[in-house]
Amino acid sequence: MSYEHIEPPEEGTKIELTDEETGELSVPNDPVIPIIHGDGIGKDVGPAAQKVLDAAAEATGRQINWMEVYAGQSARDIYDENLPDETVEAIREHRVAIKGPLTTPVGAGFRSLNVALRQTLDLFANVRPTYYLDGVPSPMKAPEEMDMVTFRENTEDVYAGIEWEAGTEDVEKVREFVEEEMGFDSTMHDGPIGIGIKPITEFASKRLVREAIDYAIENDRDTVTLVHKGNIMKFTEGQFGDWGMEVAEEEYDDEEVFAAPDSLWEEQDEVDIPEDAVMVEERLADAMLQWMQLRTDEFDVLAMPNLNGDYLSDAAGAQIGGLGVAPGANFGAGRCLAEPVHGSAPKRAGQNQANPSALMLSGRLMFEYMGWEDAGTLIRDAVEKTIDDGTVTYDLARQREDAEKVSTTEYAEKVVENIEKLS
Ligand code: NAI
């Protein structure tokens, strides 16, 4: 494909899909990888993370050929639009990409670019591993107990964008339909109203839960917890739980996956689970926020509808030291778009202060997806060593008296040095 403003690298080979059914990729040693630096602190952490990913690739005998693509402010500057088609196409065509944060102004008329990217590319699972790195200050007494991976459904729920603004003709049409045709006539107050719809489908719920269970099996995890608010939203969240349990019950051998009966209401301590089986259980979202803090080490893999996943993964991230070190990635069939949990932190933008660890560790996830586990482990170990040695950015420095505060670029240089030492 030829591009209007994107400059493809002179060298490099495209990652290709080799098996449509399993999503298996053929990854060369010199892949072309699109990157969006992003808005705000994205301009600081993007180039810093890129250097670290380059160093880890090189240390393991490979070479990344970056292809910068644009979204958000950088796209407005070049194309006069937020999300150019060629950015989406470049990511679609190259299958594996990484992005920094993009700003979404609050208010009407501006749809989240992140949501648009995830939906357009059908990146249906947002995966966030939450694990503790030595030396990271945390508010918890035993932060090392956290070693959890959240799977957040990425394409529907209240993020589908099916909503109507107060005062419009459309919202009044919807109100009339709900009240008069559907018979909910006493549930809405008079006067202006905003209405949104929360779609949860069997297809999207099941493929997300399947992905989480497969991950648990492949990575020797003990439990998959389906987190929802099905006691209140019975036909959306509750249905997510039912469909998820159906996957556990019907699609796997009993020896491999054990669907815990009545786990929403009963303790599972007494249940006889086959040895080595992954237990799939349900928890209510509000209770789960509590259990995550009080019984941190009991949870392994969580699977959730979109909004629960957003809240829960941020809360989990706080337990291991906050947004500066929280990585993530979006996955679809044969696709990966890695991105940190954090946003564009406009107050810190362009000051060479932000912590690039989250983006570096998102790169680790991307590498793992590409089959480059060795390079991914190097990134993790080098980031951990850098922080543990007491070289940190402002966000961690203010909670650690013994540490030296460095800039984003100095921090990245230190991580690169540690990659060289560790490899
Ligand atoms: P935010 O994550 O940008 O910032 C929250 C707080 O965390 C700030 O105090 C900031 O200083 C700190 N922080 C975040 N990342 C950091 C890092 N790497 N190093 C050091 N400190 C860091 O969240 P906020 O303020 O809610 O959102 C700002 C903008 O980012 C909004 O426009 C929002 O829509 C967007 N956003 C984009 C995301 C994405 O692109 N995936 C995700 C979340 C928010």
*Dipole of the stretch 291-423 [Lys/Arg +1, Asp/Glu -1 at C-beta], most positive-end residue of GLN319, GLN399, ASN306*: ASN306
*Give a quick list of chymotrypsin sites (Phe, Trp or Tyr not before Pro) in the stretch 81-150 that DSSP marks as loop, anything other than H, G, I, E or B, with at most 16 other Cβ atoms within 10 Å.*
PHE110
*Please give the calculated 222 nm ellipticity per residue for the chain, where each DSSP H segment of at least 4 residues contributes -39500 (n - 2.57) and the sum is spread over every residue; nearest 500 deg cm²/dmol?*
-11000 deg cm²/dmol
_the stretch 262-355 - percent of accessible surface contributed by carbon and sulfur, probe 1.4 Å_ = 47 percent
_Accessible-area composition of the stretch 94-201, carbon plus sulfur, in percent [1.4 Å probe]_ = 52 percent
_Name the residue from THR296, HIS189, HIS37 whose Cα lies farthest towards the positive end of the charge dipole of the chain, charges +1 on Cβ of Lys and Arg and -1 on Cβ of Asp and Glu._
HIS37
*Roughly how many whole Å is it from the C-alpha centroid of the stretch 100-171 to that of the stretch 377-423?*
27 Å
_R0 of 35 Å, Cβ-Cβ distance SER112-ASN65: FRET efficiency to nearest 0.05_ = 0.75
_Let's test the formula: R0 of 51 Å, r as the Cβ-Cβ distance of GLU7 and PHE235. What FRET efficiency results, to the nearest 0.05?_
0.55
*At q = 0.07, 0.10, 0.11 Å⁻¹, base-10 log of I(q)/I(0) for the chain (Debye sum, equal scatterers on each alpha carbon)*: -0.35, -0.73, -0.88
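Which of rounded, prolate or oblate describes the stretch 309-423 when judged by the alpha-carbon gyration tensor and an a/c cut-off of 1.5?
Working: a/c = 1.84, a/b = 1.19, b/c = 1.54.
The shape class here is oblate.
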*Shape category assigned to the stretch 28-120 from the gyration tensor of Cα positions, a/c cut at 1.5*: prolate
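Rank by packing, highest mean first: peptides 2-15, 251-264, 407-420, with packing defined as the count of other Cβ atoms within 10 Å averaged across residues.
Numbers: 2-15: 13.0, 251-264: 15.6, 407-420: 20.4.
Top to bottom by mean Cβ count within 10 Å: 407-420, 251-264, 2-15.
Is the stretch 51-174 rounded, prolate or oblate when judged by the Cα gyration tensor, a ≥ b ≥ c being the square roots of its eigenvalues, rounded requiring a/c under 1.5 and prolate requiring a/b larger than b/c?
Working: a/c = 2.31, a/b = 1.32, b/c = 1.75.
Oblate shape, in that a/c is at least 1.5 and b/c is the bigger or equal ratio.
The values are calculated or read from the model by the stated rules, or taken from the named source; none is laboratory data. On a predicted model such as this, the values are computed, not experimentally measured, just so you know. Cβ coordinates were reconstructed from backbone atoms using ideal geometry, including for glycine residues, and neighbour counts include every protein chain displayed. Keep in mind that these areas ignore ligands, DNA and RNA; they rest on the heavy atoms of the full protein, side chains included. Shrake-Rupley method; radii C 1.70, N 1.55, O 1.52, S 1.80 Å.
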